[in-house]
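Here the structure is laid out as structure tokens; the discussion comes afterwards.
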Amino acid sequence: MFRRRLTWFWILLTALACALIARLVDIQALHAEEYRDLAARMLTQPVRYLRAPRGSILDRNGRVLVSHEPSFDISVHFAVLTGQSSEYLHALARELRRRGEYPESMSLDEIAGRLRLQIAATWQRLSELTGRPVSEFIERGEEIRQQVARIRMAVRRRTGIDQPVAEESDPLLAMHPLIEDVDHETALKVRLELEAYPWLSVAPGSRRVAHDADAAVHLLGRLGAVSRERQQEDPLAGDELRRLRAGESCGITGVERLAETTLRGTRGRIVEELDGTPVERSEPVAGRDVELTIDMELQEFVLAALRDAVEGTETTAGVPYASGASAVVLDVATREVLALVSYPAYSYERFDEDYDGLVRDARRTPLRFRAVSGLYPPGSTCKAITLVGALSEGETTPEERIHCTGHLLPELENQFRCWIYNDYRTTHDARQPEGQRGEDAIRNSCNIYFYKLGGRLGPERLCNWFSTFGLGRLQGTGLIEEAPGVVPTERWLRANQRRGFERSDPWNWSIGQGEVAATPLQIANVGATIASGHWAPVRLLRDAPPAPADQIVKLPPDALRVLRTGMWRVVNENGTGKAAKLKSDRYVLCGKTGSAQAVPTPVRYRYIFEWPDRQRETREAYLEEDAAASFGAERPRCIGRRTSARFPELEEGESIAHAWYMAYTQPASTPRGAAPQGPVYAISTVIEFGGSGGRVAGPVVKKIAEYLLEREQ
Amino acid sequence: MTAPASPLNLTLLGWGIALPVAFLAAVGLACIHATEANDPVAPLGLTTTPTVEPQAAVLERVIQAIGPLTLRQMFYLVTGVLLMLAALVPSYQKIGRWAYPSYAILLVLLVLLVVDIYADLPLIPVRNNARRWLAWGPLSVQPAEFMKVGLTLTLARYLRFRSSYRSLRGLLPPLILTLVPMVLILREPDLGMMLMLLPVLFLTLFVAGARLRHLALIILLGCATLPVFFIYGMKPYQRDRVLTVIKQNTADERWHRGPGYQLRQSKIALGAGGLTGEGWGRGVFLESRVRLLPEEHNDFIFAIIGHQFGLVGCVLVILAYGVIVFFGIEVATATNDPFGRLLAIGVVVMIVAQALLNIGMTVGLAPITGMTLPFVSAGGSSLWANFLALGLLVNVAQRRPMLIANPPFEHAEEE
């Protein structure tokens, strides 16, 4: 039996051995080719990419606004950077001794000791040359060490094997950038003195540089790190050489983001065998430049004009009431955006250093791109739309005269008043007892007239007309900052204020108060619409295709004729906008003022925090993180906030308004009410909390118009 | 009547065992040297292989030329052979008397390893989160490896004069004798080593004559607990290793770059070797500056053998083990001493089961368990334990006792 069992034992083992041999035959004979291919492919190193220079952004005249400049990165070997250098130093010591730099009699330990001293000296010298403290290097080293430790953990988790990753030892990848974006001079100095040390290298990189472009800093935008979301949305994700890669930068705001795929270049590609023999190499191709429709000189001029206006407004305690301003200039025929200005602006170069201060400037919010993101009640500029709407819907005629009664509702003396009654306790009827026609009402900007028209139109039709003129939707720049504004349709009211239409809505909206909100860009395009007779999307890039016909909205010419006549009279016949009347006798301005009553903006909040034991505390600050900063490691939850301070601070009964001015230029010879021909510019200006549109915004528009027209000659 | 070992048989038997082992050791040494000669690039980024300057100390030159791992392997081979020779001095019967005590000592050592998890004991380093070694300076031994030998001895000793194992209840003591160290080894953790004790147990019992249906029952019960063990008893990376076998032909590239990497690389290395291999020290896996196959000098050395020497080389290695098995079985057959028979079989199982498991792992027929290839892989304790076992086998071969009773283990079939 024993023997029999032994035989079975023998058979079992033989069977197992045969199974193994069969499998080996399968792998080594039947599929050998396949595996040989795979083996050959393993010979090549992972692909290396060469970065492509990013395209520049130019204005319409070819002036370079932002471009890529070569810069330098100072990199240090991982082992030295993180202080885990004994193995590395020993290997280095051996090599240096072999090369003859140290005598054969010195032991590796001694040489390593010398090298350590040299490393310490390197830090010192580097700090002196670059002006950065050694503590910064140590911090950065710690950052990198943690990054690599994370990579190593991830690899270990994936493969179950713990081994050093390439970032620690690979000759190329182990050099980590310690200081980036060093200028040429410093790089040269560092190179001359320190590059002899094998643990340090000065490698070329590149950085984005703005050339005197602070006037358009909001528009240009910035680059930031590539995020997972951007990679997923990337339209070029399928192109290996053009898609976004983690660790690189891409445009996150402004034109940098808008024109990302144009500006991004095609990266180069190097495939090498494991021993360095090149297999394939393609050179990087620079990204294409982007030409904006913006005229940078005009942009700078407008910014200066806005600055003067803001700093010169009525002050309280030396601080101008106005906290900011914005202006937009459009070429009406092509709808090209010639200027898209937001004040205050900030320095492109110093953005990173200044950021903490900029984000906490609650009063002036310099980071806000007011021209396309600033939402303001349009005020009396909306009266233009109300008039066109009423005329087109037949709710009034060009000849109908309506009386200004000072206050709309006879029983309510304190509400729905005309501004002239507010300020001067009189009515427009006092001067024009027969009542005002449409063009008169525009010239006078009579509230009562428009309350009545608004009432006749009703909220729904009024909203439709707002939309026809482009409010409530994007104007087509493509910028991510662009806000569509608010047209308070019933659906919007229900969603945002949980109510339906109310009786007072059309009265408020007809004069551009209440829930209606528009951006300076939208109002400029309204002006262009009035001048040309149709609404069209604007263009920001020179080579953007013209708008398809189905996006253009034509407006009834007869109604516009009345409006245009009124707008001419606003400026040239002693209307509310007379401050903008041009000196020139070749061109005139047609415009509409607006003084939109506004609520002061919050500049400080009282944040309410709740501890786990239900105790509550409050802290005052502008940003929540500042409010929570006084708490230590244990942070209570923030459950809400109340506004504790606003700007401007108003007295009881005091009110303030944003100063609006919407205008377009036309040749003086244009017949009254006709759509102007020739070079026609639409301009919109808003001065936040500036007060009277005519008085405060008017002079700015005049300056801009005169500058524009002067250049025409 | 005494049957002194006849010179012819001994010579044949001796050569039958020494030749294959020498062949395996030589192949192993050659591979280790080949993989070492082209180690990954030093952190300097040098494009030339580090050469040793002529002026350096002779010793350093020699070490560099041969390679530290190769030297280490040589050391363990030589000391292993010494160990083997030492095991030949006393008769295996005398050694048998030490079976239980040695088992006890090894058990204590294993317990100490487990205790170290809770109370830090000296001489027990923690490597990769595992406590498997007792270390003193540069030397370290794995008690678990020697436990294999100890278990073989103990089982042979226990079963030699009994027939109790013919009943189900009688199987319990051998089972417990095996399970206790298994549990301790599992705690280290060392899944692979733990599993190696099972074939020793079952095949020894099988050859001794335990009833098949009893064995089958135990095995079935064991298999029934497998799923539970798989889900609750295994760590994720251990589960991955089992899954790797199942998923090895999946098209999922990420699997092949993650948990399936090692097996994938192993198969590529084997396949690229083809029928006759790339040659000693040649081939992508040996010429590249980056280590393409993890554990290429121990667990996966068979893949490197296949890479360099092709199918021919692989089959020769398998045949070498086959020769050892053949002669081991010859010894068992020729010996009438029950202890000797079981010991011989136990040693054969110990060596061959591990070899089969290791080779199976490199071709994707068994999960990766960290078991080395006996006599071939780089290893310390593993080489010592295997040479010790070999010594015991030759010991049995040398001394065939008098035939004074019926040949043992001759039970009537299936009473």
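The values are calculated or read from the model by the stated rules, or taken from the named source; none is laboratory data. Given the structure is predicted, the values throughout are model-derived calculations rather than measurements. Neighbour counts are summed over all protein chains in view; Cβ atoms, including those assigned to glycine, are modelled from backbone coordinates with ideal geometry. We work out accessible area using only protein heavy atoms, side chains counted, and drop any ligands, DNA or RNA first. Shrake-Rupley method; radii C 1.70, N 1.55, O 1.52, S 1.80 Å.
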> Given the conditions (1) assigned to a strand (DSSP E or B); (2) out of contact with any helix residue (DSSP H, G or I) (no Cβ under 7 Å at 6 or more places or on another chain), which single one is not true for residue A:660?
Replying inline: (2)
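Which members of segment B:157-194 meet the condition of being within 14 Å of chain A (Cβ to nearest Cβ) and closer than 19 Å to residue A:3 by Cα? Let's see the steps before the verdict.
So in segment B:157-194, the residues within 14 Å of chain A (Cβ to nearest Cβ) come out as B:159-160, B:163, B:165-166, B:189, B:191-192.
Passing the criteria: B:159, B:160, B:163, B:165, B:166.
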>> Every residue in segment A:68-86 that is assigned to a helix (DSSP H, G or I) and farther than 16 Å from residue A:175 by Cα, please.
In response: A:86
>> Which count do you get for residues in segment B:228-260 that are open to solvent by less than 60 Å² (accessible area, probe 1.4 Å) and hydroxyl-bearing (Ser, Thr, Tyr)?
In response: 2
> Out of the residues in segment A:4-17 that are open to solvent by 60 Å² or more (accessible area, probe 1.4 Å) and at the interface with another protein chain (Cβ under 7 Å from one of its Cβ atoms), which is modelled with the lowest pLDDT?
Replying inline: A:10
> If you scan segment B:337-369, which residues turn out to be open to solvent by 10 Å² or more (accessible area, probe 1.4 Å), more than 10 Å from every other protein chain (Cβ to nearest Cβ) and more than 17 Å from the chain's Cα centre (by Cα)?
Replying inline: B:337
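Condition check: open to solvent by 20 Å² or more (accessible area, probe 1.4 Å) and either without any contact (Cβ under 8 Å) to a residue 24 or more places away in the chain or under 30 Å from residue B:275 (Cα atoms) (or both). Does residue B:374 satisfy that? It would help to see each step written out before you state the result.
Details: open to solvent by 20 Å² or more (accessible area, probe 1.4 Å): no; either without any contact (Cβ under 8 Å) to a residue 24 or more places away in the chain or under 30 Å from residue B:275 (Cα atoms) (or both): yes.
No.
Determine whether segment A:46-61 contains at least one residue that is without any contact (Cβ under 8 Å) to a residue 24 or more places away in the chain and either among the basic types (Lys, Arg) or part of a strand (DSSP E or B) (or both). Show your work before the answer.
Going through segment A:46-61, the residues without any contact (Cβ under 8 Å) to a residue 24 or more places away in the chain turn out to be A:46.
After this cut, where a residue has to be either among the basic types (Lys, Arg) or part of a strand (DSSP E or B) (or both) as well, the list is none.
Taking every residue of segment A:46-61 in turn, none turns out to be without any contact (Cβ under 8 Å) to a residue 24 or more places away in the chain and either among the basic types (Lys, Arg) or part of a strand (DSSP E or B) (or both).
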> Looking at (1) over 30 Å from residue A:339 (Cα atoms); (2) open to solvent by less than 60 Å² (accessible area, probe 1.4 Å); (3) in contact with an Asp or Glu (Cβ under 9 Å, 6 or more places away or on another chain), which is the only condition residue A:54 fails?
Replying inline: (1)
>> Test of understanding: among A:79, A:91, which residue is within 30 Å of residue A:147 (Cβ to Cβ), over 44 Å from the mean Cα position of the chain (by Cα), hydrophobic (A, V, I, L, M, F, W, C) and within 13 Å of another protein chain (Cβ to nearest Cβ)?
In response: A:91
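Just to check your reading of the model, which residue among B:285, B:326, B:300 is within 10 Å of chain A (Cβ to nearest Cβ) and under 23 Å from residue B:369 (Cβ atoms)? It would help to see each step written out before you state the result.
Working: B:326 fails: under 23 Å from residue B:369 (Cβ atoms); B:300 fails: within 10 Å of chain A (Cβ to nearest Cβ).
Just a single option satisfies the conditions, and that option is B:285.
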>> Can you say whether residue B:74 is open to solvent by 60 Å² or more (accessible area, probe 1.4 Å), modelled with pLDDT of 75 or more and not β-branched (Val, Ile, Thr), as far as the supplied structure shows?
In response: yes
> What residue, of B:165, B:158, is modelled with pLDDT under 80, assigned to a helix (DSSP H, G or I) and open to solvent by less than 60 Å² (accessible area, probe 1.4 Å)?
Replying inline: B:165
> Within segment A:96-123, how many residues turn out to be under 13 Å from residue A:197 (Cβ atoms) and either more than 11 Å from every other protein chain (Cβ to nearest Cβ) or among the charged types (D, E, K, R) (or both)?
Replying inline: 11
> Residues in segment A:129-148: is at least one within 14 Å of chain B (Cβ to nearest Cβ), closer than 30 Å to residue B:129 by Cβ and outside any loop (DSSP other than H, G, I, E, B)?
Replying inline: yes
> When only residues in segment A:583-603 that are surrounded by fewer than 16 Cβ atoms within 10 Å (Cβ to Cβ) and of a type in the set (Lys, Arg) count, which is nearest to residue A:689 (Cα to Cα)?
Replying inline: A:583
>> Just to be sure I understand, how many residues within segment A:261-286 are open to solvent by 10 Å² or more (accessible area, probe 1.4 Å) and within 16 Å of residue A:543 (Cβ to Cβ)?
In response: 2
>> Name the single residue that is most open to solvent (accessible area, probe 1.4 Å) among those in segment A:330-359 being aliphatic (A, V, I, L, M) and either part of a loop (DSSP other than H, G, I, E, B) or at positive phi (or both).
In response: A:333
>> If I filter segment A:81-103 down to residues being among the hydrophobic types (A, V, I, L, M, F, W, C) and open to solvent by 10 Å² or more (accessible area, probe 1.4 Å), which single residue comes out as nearest to residue A:339 (Cα to Cα)?
In response: A:81
> Residues that are within 22 Å of residue B:377 (Cβ to Cβ): which helices (runs of 4 or more DSSP H) entirely in segment B:219-335 hold 2 or more of them?
Replying inline: B:236-246, B:261-273, B:284-287, B:301-334
> With B:197, B:220 as the choices, which residue is modelled with pLDDT of 85 or more, open to solvent by 30 Å² or more (accessible area, probe 1.4 Å) and more than 12 Å from chain A (Cβ to nearest Cβ)?
Replying inline: B:220
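Could you say which residue among A:495, A:483, A:528, A:518 is touching a Pro at 6+ places or on another chain (Cβ under 6 Å) and either open to solvent by 10 Å² or more (accessible area, probe 1.4 Å) or at pLDDT 95 or above (or both)?
Working: A:495 fails: touching a Pro at 6+ places or on another chain (Cβ under 6 Å); A:483 fails: touching a Pro at 6+ places or on another chain (Cβ under 6 Å); A:528 fails: touching a Pro at 6+ places or on another chain (Cβ under 6 Å).
Matching residue, one of A:495, A:483, A:528, A:518: A:518.
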>> Can you go through B:130, B:119 and tell me which one is open to solvent by 40 Å² or more (accessible area, probe 1.4 Å) and under 30 Å from residue A:156 (Cβ atoms)?
In response: B:119
> Which ones in segment A:185-206 are more than 14 Å from chain B (Cβ to nearest Cβ) and either crowded, with 20+ Cβ neighbours inside 10 Å or modelled with pLDDT of 80 or more (or both)?
Replying inline: A:185, A:186, A:187, A:188, A:189, A:190, A:191, A:192, A:193, A:194, A:202
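Look at segment A:379-424 and say how many of its residues are farther than 19 Å from residue A:471 by Cβ, assigned to a loop (DSSP other than H, G, I, E, B) and touching a residue at least 12 places away in the same chain (Cβ under 8 Å).
As a first pass, look at segment A:379-424 and keep what is farther than 19 Å from residue A:471 by Cβ: A:394-424.
Among the residues that remain, those that are also assigned to a loop (DSSP other than H, G, I, E, B) are: A:394-401, A:403-406, A:408-416, A:418.
Okay, now just the ones that are also touching a residue at least 12 places away in the same chain (Cβ under 8 Å), so A:395-396, A:398-401, A:403-406, A:408, A:416, A:418.
The qualifying residues number 13.
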